[in-house]
Amino acid sequence: MNRYMQAVAAVVLGVATFAGSAQAEGDAARGKSIFTRCSSCHAVTAQNKVGPSLLGIFGRTAGTLPGAKYSKGMVASGIVWSDETLGTFLTAPAKSVPGTTMPLGVPNAQDRDDLIAYLKSVTP
Ligand code: HEC
């Protein structure tokens with residue numbers, strides 16, 4: 001193996017490790033307390049607040065909940081919400097969905113995993 005191949009292998013391994021850790025199980029109890037950052041705008045009941053209800057968010061297509069107010073960017077995004085797409089959006093909302101009206105992201109990966117675990121735990 002030459003140096004180039006070693007470098008490629010190191011990068012591939014690094015990416016694999018990163019992807020593995022991104023799928024680590026989050027802590028739903030901790031996620032519940034992190035959700036206080038979201039709950040001024042989002043409910044986990046059927047109610048829409050400033051932001052759309054997050055009840056049943058997994059598998060929903062972005063920007064489609066009846067009665068919720070969305071930006072054109074969100075409606076046009078075509079995102080289907082999953083662990084992965086939620087993780088990407090929450091990392092940097094405006095980067096993920098240009099024109100989004102959601103102002104706040106969750107830069108910390110563990111916080112995101114915990115939040116996603118919490119949202120799953122309240123998904124019927
Ligand atoms: C200041 C209010 C506000 C806060 C705080 C907020 N959001 Fe949002 N959120 C919004 C708005 C407004 C939208 C609609 C965005 C758009 O259409 O571009 C949205 C959209 C979303 C969507 C897409 C919903 C759909 O139906 O497609 C998800 C998922 C989401 N927010 C999760 C979160 C999470 C998790 C948090 C906490 C870390 C959070 N939001 C914090 C206002 C907020």
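Read the figures in this text as sums done on the coordinates, not as results from a lab. These figures come from a predicted structure and were not determined experimentally. Here the Cβ is made from the backbone with ideal geometry for all residues, glycine too, and neighbour counts use every protein chain on show.
When N is the residue count of the stretch 26-121, what does its C-alpha Rg come to as a fraction of 2.2 N^0.38 Å? The partial results should precede the final answer.
Numbers: Rg = 12.2 Å, N = 96, 2.2 N^0.38 = 12.5 Å.
Here the Cα radius of gyration is 0.98 times the empirical estimate.
Could you work out how much longer the chain between residue 111 and residue 80 gets when fully extended? Use 0.36 nm per residue separation minus the Cα distance between them, nm to one decimal. If you can, show how the numbers build up before the last one.
Details: separation 31, 0.36 × 31 = 11.16 nm, distance 2.10 nm.
This chain segment gains 9.1 nm when fully extended.
Under a crude label model (7 Å from the Cα following the beta-carbon direction), how far is residue 69 from residue 29 in nanometres?
With each label placed 7 Å out from Cα toward Cβ, I get 3.8 nm.
Charges at C-beta only: +1 for Lys and Arg, -1 for Asp and Glu. How large is the resulting dipole of the stretch 26-121 about its Cα centre, in Debye rounded to 20? Walk me through the intermediate numbers first.
On the way: 10 positive and 6 negative charges, 69 e Å.
That gives the stretch 26-121 a dipole magnitude of about 340 debye.
With an 8 Å Cα cut-off and a minimum separation of 6 or more residues, compute the relative contact order for the stretch 26-121 in percent. Working shown, then result.
On the way: 162 pairs, mean separation 34.9, N = 96.
Computed over the stretch 26-121, the figure is 36 percent.
Neighbour counts of other C-beta atoms within 10 Å: give me 89, 58 arranged from fewest to most. Before the final figure, lay out each step's value.
Numbers: 89 23, 58 15.
The fewest-first ordering by Cβ neighbours comes to 58, 89.
Please work out how much length the chain gains when fully extended from residue 120 to residue 50, using 0.36 nm per residue of separation minus the C-alpha to C-alpha distance, in nm with one decimal.
Numbers: separation 70, 0.36 × 70 = 25.20 nm, distance 2.13 nm.
Once the chain is fully extended between residue 120 and residue 50, it gains 23.1 nm.
Fewest to most neighbouring Cβ within 10 Å: what's the order for 36, 61?
Values: 36 8, 61 12.
Ordered from fewest to most neighbouring Cβ atoms within 10 Å, 36, 61 come out as 36, 61.
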